[in-house]
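The values are calculated or read from the model by the stated rules, or taken from the named source; none is laboratory data. Please read all numbers here as calculations on a predicted model, not as lab measurements. Neighbour counts run over all protein chains shown; Cβ positions are idealised from the backbone, glycine included. The protein model used for the area step is the full one, side chains on, heavy atoms only, and it has no ligands, DNA or RNA in it. Shrake-Rupley method; radii C 1.70, N 1.55, O 1.52, S 1.80 Å.
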Protein chains: 2
Amino acid sequence: MPLDAAALDQIFRAARTHNGFAGPITDDDLEAIYELMKWGPTSANSCPARFVFVRSAEAKARLRPALSPGNLDKTMAAPVTAIVAHDLEFYEQLPKLFPHTDARSWFAGKSDDHIRSNAFRGGTLQGAYFIIAARALGFDCGPMGGFDNAKVDASFFPDGKWKSNFLINLGHGDPARLYPRNPRLGFEEACRIV
Amino acid sequence: MPLDAAALDQIFRAARTHNGFAGPITDDDLEAIYELMKWGPTSANSCPARFVFVRSAEAKARLRPALSPGNLDKTMAAPVTAIVAHDLEFYEQLPKLFPHTDARSWFAGKSDDHIRSNAFRGGTLQGAYFIIAARALGFDCGPMGGFDNAKVDASFFPDGKWKSNFLINLGHGDPARLYPRNPRLGFEEACRIV
């Protein structure tokens, strides 16, 4: 059965990428979003995403030099900025997450490319689940790719195990600061039925 | 305002990766899922995902040799299998999709790595949106990474512009064929607040 129209609007059709936030988000809210999005599927239930919620002035100051000019002010002003990252040693969790077979051996000691592409794919899927889960719980997101990943990694993940993917500003969006919506590709442009 | 508990269950908490399907999905259903998921955000609205819905016996036969043994029978039996792909020339659509600046120049003629990582990230985000949109409309998904991407690409995308990412079996799931649910990482394992 489809969700009702208001729910479809909230998670997709009327949801927007926000540039300004008029309301806060608590630590309990962040945990609630994680506890919802965590159920989304990943390959072999590998769950490689890791989330660092940047809230304090000290941590925001560490993020600042990595941001592109267009993302700077809005990110400094956002209640929380999530660093969506992935753990290159995600496979160490597989004995717990996928216990019925030795899935760890599919990755441990294998090529860096194989490990990185699984971590990047799964972590990105989970980043998308996070955005939709936040919207489903009544929050707004401002996801961003415009930043220097290497600077974020050096500052937040100096041991090299976690790698940044993208950022999401989080809170209750201010509709007055939305930009006009851009178009999307039509079904016939993006899809084929064969 | 959060969605009601039944809606949160349907898109995340009670939704499962299905292995068998007891009901069909029409071409109009596939278009409805696309028309919902297309609103999900991507970097510079680049929308690099492309979806090939494999329904005919002829197309299923072309998919067959690329499938891993564990995914073979269930994929052959599924009403439709979506190939989630991405277009390495996605940037040619940017004058339409992100018209207020010359975003095409951020990619055209740049390094293959830069193009591929944006296409892979955006296409993966959109694959996740597709899964959640299908669930929101009352369908079930069986996403899979276990297949030979090179074989799928050679058979379905011989010009090399689109690249396969992952597969999703689609229909109305048969709850009798679900496996027990695997655990997820706790908030304190996957997240930090700084």
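Which one, A:Phe107, A:Leu94, A:Ile168, is farthest towards the positive end of the dipole of the range A:91-185 when Lys and Arg carry +1 and Asp and Glu -1 on their Cβ?
Positive-end residue among those listed: A:Ile168.
Suppose we take every Cα in the protein assembly as shown and form the convex hull; what volume per residue is that in Å³?
Residue-normalised Cα hull volume stands at 134 Å³.
D for the range A:105-150, whole µm²/s, Stokes-Einstein with Kirkwood Rh over alpha-carbon pairs at 4 °C and 1.567 mPa s: what number?
Reported coefficient: 101 µm²/s.
Per residue, how many Å² of accessible area does the range B:72-194 show with a 1.4 Å probe?
40
Any idea what the dipole of the range A:1-107 comes to, in debye rounded to 20, about its Cα centre with Lys/Arg Cβ at +1 and Asp/Glu Cβ at -1?
So the magnitude is around 380 debye.
With charges only on Cβ, +1 for K and R and -1 for D and E, what is the dipole size of the protein assembly as shown about its Cα centre, in debye, rounded to 20?
400
Between A:Thr101 and the same site in the other copies, what are the distances in nm, shortest first, taking label points 7 Å from Cα along the C-beta direction?
4.5
Sorting check: for A:85-91, A:165-171, B:172-178, A:29-35, which peptide has the highest mean count of neighbouring beta carbons within 10 Å, and how do the rest follow?
A:165-171, A:85-91, A:29-35, B:172-178
I need the per residue convex hull volume for the range A:24-99, using only the alpha carbons, in cubic angstrom as a whole number.
Roughly 124 Å³ of hull volume per residue.
For the pairs A:Lys60/A:Lys151; A:Lys110/B:Lys60; A:Lys96/B:Lys163, flag any whose C-alpha to C-alpha distance is greater than 22 Å.
Exceeds cut-off: A:Lys110/B:Lys60; A:Lys96/B:Lys163.
By the gyration tensor of its Cα atoms, with a ≥ b ≥ c the square roots of the eigenvalues, what is the shape of chain A: rounded for a/c under 1.5, prolate for a/b over b/c, or oblate?
Oblate.
Which percent of the accessible heavy-atom area of the range B:48-180 goes to carbon and sulfur, probe 1.4 angstrom?
The nonpolar share, carbon plus sulfur, comes to 53 percent.
For A:Lys151, go 7 angstrom from Cα along the Cα-to-Cβ vector, then report the distances to that same point in the other copies in nm, smallest first.
Computed spacing set for this position: 4.6 nm.
Can you give the log10 of the normalised intensity I(q)/I(0) at q = 0.27, 0.28, 0.33, 0.34 Å⁻¹, computed with Debye over equal Cα scatterers of the range A:34-77?
Log10 of I(q)/I(0), two decimals: -0.90, -0.94, -1.22, -1.27.
Enumerate the helices in chain B for which the Kyte-Doolittle hydropathy averages 1.0 or more and the C-alpha atoms extend at least 30 Å along the helix's axis, using complete DSSP H runs.
Helices meeting the criterion: none.
For B:Tyr91, what charge total do you get from the other residues with a beta carbon under 13 Å from its beta carbon, if Lys and Arg give +1 and Asp and Glu give -1?
Every neighbour counted, the sum reads 0.
Chains A and B: what accessible area do they bury, summed, in square angstrom to the nearest 100, with a 1.4 Å probe?
6500
Quick check: net charge around A:Ser164, other residues with Cβ under 14 Å of its Cβ, Lys/Arg +1 and Asp/Glu -1?
Here the count lands on +4.
Taking the range A:1-42 on its own, what percent of its Cα-Cα pair distances exceed 16 Å?
Above the 16 Å cut-off, the range A:1-42 has 63 percent of its Cα pairs.
Can you give the convex hull volume of the alpha carbon atoms of the range B:78-166 per residue, in Å³?
It comes to 119 Å³ per residue, whole-number rounded.
Compute the accessible area of each residue in the range A:24-61 twice, once for its chain alone and once with every protein chain present, using a 1.4 Å probe on heavy atoms, and list those whose area falls by at least 40 Å².
A:Tyr34, A:Leu36, A:Trp39, A:Pro41, A:Asn45, A:Phe53
Using a 1.4 Å probe on the heavy atoms of the protein chains only, list every residue of the range A:104-133 that has 20 Å² or more less accessible area in the complete assembly than in its chain alone.
A:Phe120, A:Arg121, A:Thr124, A:Leu125, A:Ala128, A:Tyr129, A:Ile131, A:Ile132
To the nearest 500 deg cm²/dmol, what mean residue ellipticity at 222 nm is calculated for chain B from DSSP H runs of n ≥ 4 alone, each contributing -39,500 (n - 2.57), summed and divided by the residues?
-10500 deg cm²/dmol
From the label point of B:Pro69, set 7 Å along Cα to the beta carbon, how far off in nm is each other copy's matching point, shortest first?
Reported distances to equivalent positions: 5.9 nm.
Over the range B:60-124, what number does the Rg to Rh ratio reach, with both radii from the alpha-carbon atoms and Rh per Kirkwood?
Rg divided by Rh gives 1.18.
Dimensions of the range A:141-194 along principal axes (Cα, Å, largest first)?
Projected onto its principal axes, the Cα set of the range A:141-194 covers 46, 40, 16 Å.
Mind putting a number on the dipole of the range B:85-158 about its Cα centre? Charges go on the C-beta only, +1 for Lys and Arg and -1 for Asp and Glu, and I need it in Debye to the nearest 20.
Computed charge dipole of the range B:85-158: roughly 180 debye.
All other residues with a Cβ under 15 Å from the Cβ of A:Asp28 taken together, and with Lys, Arg as +1 and Asp, Glu as -1, what is their net charge?
For residues surrounding A:Asp28, the net value is -4.
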